[in-house]
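Asks: Quick one: structure below, then a few questions.
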Amino acid sequence: MSDAVRLREEGRREEARERLLSLAAEFPHDAEVAYQTAWVHDTLGLEAEAVPHYERALKGTGLSNDDRRGALLGLGSTYRVLGRYEEAVATLGQGAAEFPEDGGLKTFLAMALYNTGRTHDAMQVLLTLLVTTSKDPDIAGYRPAIEEYAKDLDATM
């Protein structure tokens, strides 16, 4: 499998895809092979084809924490691209719960929440992420107010 990953990293994605599809057929229960196969499909813009590989990777065992995080983000963002917004929210929400320090998962979750019409929830996620990660002193100076508004944007202070 390392050869296929190397091919993908070298930009030889179609070759990597062919190799990974062969490995996925040979090892259908290998979560790492499934994850790498999903990833290469995503890099080629083949999102619909990536989904079953992501799903198989996440149902399996043996993914490192980093790869599990990547698979949750990859599947959630792929669902979103495909217009499967509720599935995106569920997957990205699960990822954000499992990996609360990951700002990427939260950002994609906010976008999916927006797509489902849950704009308040999306803003809450983004504002909370902003105040907990920004090093901008102008934002830090308003942190208490922003945290309160994140809870209820319609509130007056």
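No value in this document is a laboratory result; all are computed from the given coordinates. Please read these numbers as outputs of a predicted model, since none were measured by experiment. Neighbour counts are summed over all protein chains in view; Cβ atoms, including those assigned to glycine, are modelled from backbone coordinates with ideal geometry.
Asks: Excluding residues on the same chain fewer than 8 positions from residue 59, give the aspartates and glutamates whose Cα lies under 20 Å from its Cα.
Replies: 26, 30, 32, 42, 47, 49, 67, 86, 87, 98
Asks: Another question, then. How much length is gained if the chain between residue 133 and residue 46 is pulled fully straight, taking 0.36 nm per residue apart and subtracting their Cα-Cα distance, in nm to one decimal?
Replies: Full extension of this stretch gives 28.1 nm more.
Asks: Shifting gears a bit: Which residues' amide hydrogens lie under 5 Å from the amide hydrogen of residue 46, considering only partners 5 or more residues apart or on another chain, with H built in the peptide plane?
Replies: HN-HN under 5 Å from residue 46: empty list.
Asks: While we're looking at this one, here's another question. Rounded to the nearest Å, what's the spacing between the alpha carbon centres of segment 1-60 and segment 103-142? Just the number, please.
Replies: 31 Å
Asks: Please enumerate, by chain and number, the lysines with C-alpha under 25 Å from the C-alpha of residue 151, excluding those fewer than 8 residues away in the same chain.
Replies: The qualifying lysines are 106, 135.
Asks: Moving to a separate point now. Convert each backbone phi in segment 97-111 into a coupling constant with the Karplus relation 6.51 cos²θ - 1.76 cosθ + 1.60 (shift: θ = phi - 60°), then list the ³J(HN,Hα) values in order as whole Hz, x for Gly and Pro.
Replies: So the J values, rounded to whole Hz, are 6, 6, 10, x, 7, 8, x, x, 4, 5, 5, 5, 4, 4, 5.
Asks: Through the Karplus equation 6.51 cos²θ - 1.76 cosθ + 1.60, θ set to phi - 60°, convert the phi angles of segment 139-152 into ³J(HN,Hα) values in whole Hz; use x for Gly and Pro.
Replies: 6, 4, x, 9, 3, x, 5, 5, 4, 5, 5, 4, 6, 7
Asks: What residues qualify as long-range amide H neighbours of residue 63, i.e. H under 5 Å apart, gap of 5 or more or another chain, H built at 1.01 Å from N?
Replies: Sorted by chain and number, the residues that satisfy this come to none at all.
Asks: Through the Karplus equation 6.51 cos²θ - 1.76 cosθ + 1.60, θ set to phi - 60°, convert the phi angles of segment 82-88 into ³J(HN,Hα) values in whole Hz; use x for Gly and Pro.
Replies: Once rounded to whole Hz, the list reads 7, x, 9, 5, 5, 5, 5.
Asks: Continuing with the same structure: Report the one residue of 76, 43, 29 whose Cα lies farthest in the direction of the positive end of the charge dipole of segment 2-119 (charges on C-beta: Lys and Arg +1, Asp and Glu -1; origin at the Cα centre).
Replies: Looking along the dipole axis, the top candidate is 76.
Asks: Take residue 66 and residue 1, extend 7 Å from each Cα along the Cα→Cβ direction, and tell me the distance between the two endpoints in nm.
Replies: 1.4 nm
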